[in-house]
Amino acid sequence: MGDAQRYTEYTNTLRQLASDAATGLPVALDQLRASIDGEASAQLRRLVPLDYRRKVGAFFTPAPLKERVASLIRSHKTSVYLDPTCGSGDLLLAASSILPTGATLRETLEEWTHRLHGYEINEEFVAAARYRLVIAAMLRHGIAEGTLRPNFDFASYFSNIIVADGLARLSKPSNFDGHILLNPPFGTISADARVPWTVRPTSAAAVFTYHAMTHLSQGGRMTAILPDVLRSGSRYRSWREQMDTLGVKEPLVTYGQFDEHADVDVFLLAMKAAPEHEVESRSDWWASTPTAESAGRVDDRFTVRVGSVVDNRDPLEGPEYPFARAKDLPASGEMSLPGRKRRFAGTVFKPPFVLIRRTSRPTIPGQTRVSGVLVTGKRSISVDNHLIVAMPRDGAVDSCRDLLEVLACRETTEWLDNRIRCRHLTVGAVRDIPWTVHSLDE
């Protein structure tokens, strides 16, 4: 049995559950509700190996995110919804929650069939999506047992949810006049020549959202769940610029961690396709947050760069220097020259300067997001590329100490949590940190 076919066990459970409810057999209401909520994801984790789920990007939308999407699309109701990576149908369920019902369960199923479209490469997930939508319609009608005949033919409903390659479908010319809902794979793929913002392997989510926007007719809408690196990572600046030419963004929603099983922060992007001349007023990809009185940015006072040593790749050649690595640094404070040494023929840095760990995640309440370590001494130092180096433009140790205070203050944590929620800090984000005056006066 193939990896995805293991999910057939749960699909069969859904079919039996829908059949029992349709013909009036006793069915626990809690079981029906669970089938359209978080149970599909739990069964995916139980039945389908993690390696396969990562390979195809099969991480079903968790219930809280599904509800957040439903709240976003409620104010932009449309006639047709399309999920090109529908999995077991969570975002289509979000759409169904705002669709009207008919006078009977049959009328509702017929109407929803016309309005809900989806693509998915795994047949087992397609079947699950269809059964879950049938159950959702039943729940909207209070089960409505007895309104369907025994051996009811579920196959005639939700026929627009099909086995297909969603990216291939989106890449074809179209003027889809509806609302695209998207929770795309978050892995890396090769971009083809039709993608103008990159020529190298890139985020699958970036490629999906670009093609989704070009797939829409003018006035069509897209709501997508995306990894935060697209919003805040410097590598995806060209993608953001390209997306800004395709439509008008609503204020972004920085959601946080996808779920407890997928350690990646996400945001929600809602856009309306519009001609470029209508996209002159573009909202930011991150909102400004209130801070204490600011006197410019870190970039005004410091030159900020990534450390230049790739330790497992760069040859041990050239002069020997003290070598700074993230794992050897204290948590914060000051230090003299590192004890570790390394030969290196590339760029080195002369103290004083501040080292900042690149690994950084949104904080637990009450903790600071980032801290720095002031390095002093007379000798130049080689620095690992897992560290960011902030060199004072005036060469002063006191300026470095001021930066340590700015990094440690609550306002900086709040600003960074809004500005970048992905795993690694970027040089651009550090350069843009507001120089908060009051933290230096306390």
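Quick notes on this one:
- If the condition is being at pLDDT 85 or above and either surrounded by fewer than 23 Cβ atoms within 10 Å (Cβ to Cβ) or closer than 14 Å to residue 357 by Cα (or both), then region 426-442 contributes 426, 427, 428, 429, 430, 431, 432, 434, 435.
- Set 221, 237: member being within 17 Å of residue 73 (Cα to Cα) and not aliphatic (A, V, I, L, M): 221
- Looking at 308, 288, just one residue is outside the structural domain of residue 431 (by TED's automatic domain parsing) and either modelled with pLDDT under 65 or under 14 Å from residue 389 (Cβ atoms) (or both), and that residue is 288.
- The selection criterion, being surrounded by fewer than 22 Cβ atoms within 10 Å (Cβ to Cβ), part of a loop (DSSP other than H, G, I, E, B) and either at positive phi or hydroxyl-bearing (Ser, Thr, Tyr) (or both), holds for residue 101.
- Contact map, region 55-75: residues that are assigned to a helix (DSSP H, G or I) and modelled with pLDDT under 90 paired with residues that are β-branched (Val, Ile, Thr) and surrounded by fewer than 20 Cβ atoms within 10 Å (Cβ to Cβ), Cβ distance under 7 Å, separation 6+ or inter-chain. Pairs shown: 56/121.
- Residue within region 388-398 that is charged (D, E, K, R), under 18 Å from residue 431 (Cβ atoms) and either touching a residue at least 40 places away in the same chain (Cβ under 8 Å) or assigned to a helix (DSSP H, G or I) (or both) present: yes
- So residue 248, is it under 18 Å from residue 183 (Cβ atoms), at pLDDT 90 or above and of a type in the set (A, V, I, L, M): no
- Single unsatisfied condition, residue 331 versus (1) over 21 Å from residue 296 (Cα atoms); (2) touching a helix residue (DSSP H, G or I) at 6+ places or on another chain (Cβ under 9 Å); (3) modelled with pLDDT under 90: (2)
- One residue from 47, 14, 109, 92 being crowded, with 16+ Cβ neighbours inside 10 Å, of a type in the set (A, V, I, L, M, F, W, C) and over 27 Å from residue 180 (Cα atoms): 47
- Being touching a strand residue (DSSP E or B) at 6+ places or on another chain (Cβ under 9 Å), under 30 Å from residue 248 (Cβ atoms) and of a type outside the set (S, T, N, Q) holds for only one residue in 67, 120, 111, and it is 120.
The rows are residues; the columns are (1) touching a Leu at 6+ places or on another chain (Cβ under 7 Å); (2) of a type in the set (Asp, Glu).
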| position | (1), (2) |
| --- | --- |
| 27 | yes, no |
| 48 | no, no |
| 51 | no, yes |
| 63 | no, no |
| 77 | no, no |
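- Boolean, residue 132 is more than 19 Å from residue 61 (Cβ to Cβ) and in a helix (DSSP H, G or I): no
- For region 30-44, filtering for residues that are within 14 Å of residue 18 (Cα to Cα) and charged (D, E, K, R) leaves 2.
- Any hit, region 56-78, residues being within 17 Å of residue 205 (Cα to Cα), of a type outside the set (A, V, I, L, M) and surrounded by fewer than 23 Cβ atoms within 10 Å (Cβ to Cβ): yes
The values are calculated or read from the model by the stated rules, or taken from the named source; none is laboratory data. These figures come from a predicted structure and were not determined experimentally. Positions of Cβ are backbone-derived with ideal geometry, glycine not excepted, and every protein chain shown enters the neighbour counts.
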